[in-house]
């Protein structure tokens, strides 16, 4: 089916996407040690404000198994900004769902490229339901949610954009916390392999 209608956009655009962590390490197997039959997959997610952009981190660490005694890690950051049209997706939903769906193919490709250079079979990340995955991540506890006091202009701009799109969506925009975190929290989240 061919449809010439305009593309339904979210109101955000990609500024850039870059890798912040790529690692492949062989795991030493001690005699008698039994590796699992399936590879453990650990997700890392966070977001932060870098006014006028905001960044979303998505990282995966793949553990060893009985056939591949290697550990892989690949983390990417997507830098996004408001586009000319009013957002049709609240910021909270975008950083938790839309950005993950945008970044997953980059992580998948990175893991495949990284593993193809090792001594084991190329690792292909299975198809992931981004909506279900997003349910694991806590927007209110993320770095960006705690930066609004540090970047009041960003918060004001996002609120105005959401009000222009649909006044009732403003309440979906921000879950503010009294706790402040600095950029180091975001950088630290890159080096940890914990899930959200």
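The values are calculated or read from the model by the stated rules, or taken from the named source; none is laboratory data. Given the structure is predicted, the values throughout are model-derived calculations rather than measurements. Ideal geometry is used to build each Cβ from the backbone, glycine not excepted, and the neighbour counts take in all protein chains shown.
Among the numbered criteria (1) exposed (fewer than 14 other Cβ atoms within 10 Å of the Cβ); (2) closer than 26 Å to residue 154 by Cβ, which single criterion is violated by residue 17?
Result: residue 17 fails condition (1) only.
When you look at residue 8, is it under 30 Å from residue 82 (Cα atoms), surrounded by fewer than 11 Cβ atoms within 10 Å (Cβ to Cβ) and touching a residue at least 60 places away in the same chain (Cβ under 8 Å), yes or no?
Spelling it out, residue 8 is indeed under 30 Å from residue 82 (Cα atoms), surrounded by fewer than 11 Cβ atoms within 10 Å (Cβ to Cβ) and touching a residue at least 60 places away in the same chain (Cβ under 8 Å).
In the range 93-112, is there at least one residue being in contact (Cβ under 8 Å) with a residue 12 or more places away in the chain, over 30 Å from residue 156 (Cβ atoms) and surrounded by fewer than 17 Cβ atoms within 10 Å (Cβ to Cβ)?
The answer is yes; a qualifying residue exists.
Limited to the range 138-152, what total is found for residues that are under 19 Å from residue 50 (Cβ atoms) and in a loop (DSSP other than H, G, I, E, B)?
7
Looking at (1) in contact (Cβ under 8 Å) with a residue 60 or more places away in the chain; (2) surrounded by fewer than 22 Cβ atoms within 10 Å (Cβ to Cβ); (3) out of contact with any helix residue (DSSP H, G or I) (no Cβ under 7 Å at 6 or more places or on another chain), can you tell me which one residue 77 breaks?
Checking residue 77 against (1) in contact (Cβ under 8 Å) with a residue 60 or more places away in the chain; (2) surrounded by fewer than 22 Cβ atoms within 10 Å (Cβ to Cβ); (3) out of contact with any helix residue (DSSP H, G or I) (no Cβ under 7 Å at 6 or more places or on another chain), the one that fails is (2).
Looking for whichever is closer than 29 Å to residue 74 by Cβ, at pLDDT below 90 and either part of a helix (DSSP H, G or I) or out of contact with any strand residue (DSSP E or B) (no Cβ under 8 Å at 6 or more places or on another chain) (or both) here; the options are 131, 156, 102, 122. Which one fits?
On the way: 156 fails: closer than 29 Å to residue 74 by Cβ; 102 fails: at pLDDT below 90; 122 fails: at pLDDT below 90.
Result: 131 is the single residue among 131, 156, 102, 122 that is closer than 29 Å to residue 74 by Cβ, at pLDDT below 90 and either part of a helix (DSSP H, G or I) or out of contact with any strand residue (DSSP E or B) (no Cβ under 8 Å at 6 or more places or on another chain) (or both).
Would you check which residues across the range 45-60 are out of contact with any helix residue (DSSP H, G or I) (no Cβ under 6 Å at 6 or more places or on another chain) and surrounded by fewer than 22 Cβ atoms within 10 Å (Cβ to Cβ) and list them?
Hits for the range 45-60 are 50, 52, 53.
Going by what's in this entry, would residue 125 be described as more than 17 Å from residue 60 (Cβ to Cβ) and touching a residue at least 60 places away in the same chain (Cβ under 8 Å)? Let's see the steps before the verdict.
Values: more than 17 Å from residue 60 (Cβ to Cβ): no; touching a residue at least 60 places away in the same chain (Cβ under 8 Å): yes.
No, not satisfied.
Using the structure shown, decide if residue 97 is assigned to a helix (DSSP H, G or I) and touching a helix residue (DSSP H, G or I) at 6+ places or on another chain (Cβ under 7 Å).
Working: assigned to a helix (DSSP H, G or I): yes; touching a helix residue (DSSP H, G or I) at 6+ places or on another chain (Cβ under 7 Å): yes.
Yes: the conditions hold for residue 97.
Surrounded by fewer than 20 Cβ atoms within 10 Å (Cβ to Cβ) and either touching a helix residue (DSSP H, G or I) at 6+ places or on another chain (Cβ under 9 Å) or on the phi > 0 side of the Ramachandran plot (or both): does that describe residue 86?
Answer is yes for this residue.
Here is a yes/no grid of residues against (1) surrounded by 18 or more Cβ atoms within 10 Å (Cβ to Cβ); (2) more than 22 Å from the chain's Cα centre (by Cα); (3) closer than 17 Å to residue 100 by Cα:
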residue: 119; (1), (2), (3): no, yes, no
residue: 122; (1), (2), (3): no, yes, no
residue: 132; (1), (2), (3): no, no, yes
residue: 136; (1), (2), (3): no, no, yes
residue: 139; (1), (2), (3): yes, no, yes
residue: 143; (1), (2), (3): yes, no, yes
residue: 153; (1), (2), (3): no, yes, no
residue: 156; (1), (2), (3): no, yes, no
residue: 161; (1), (2), (3): yes, yes, no
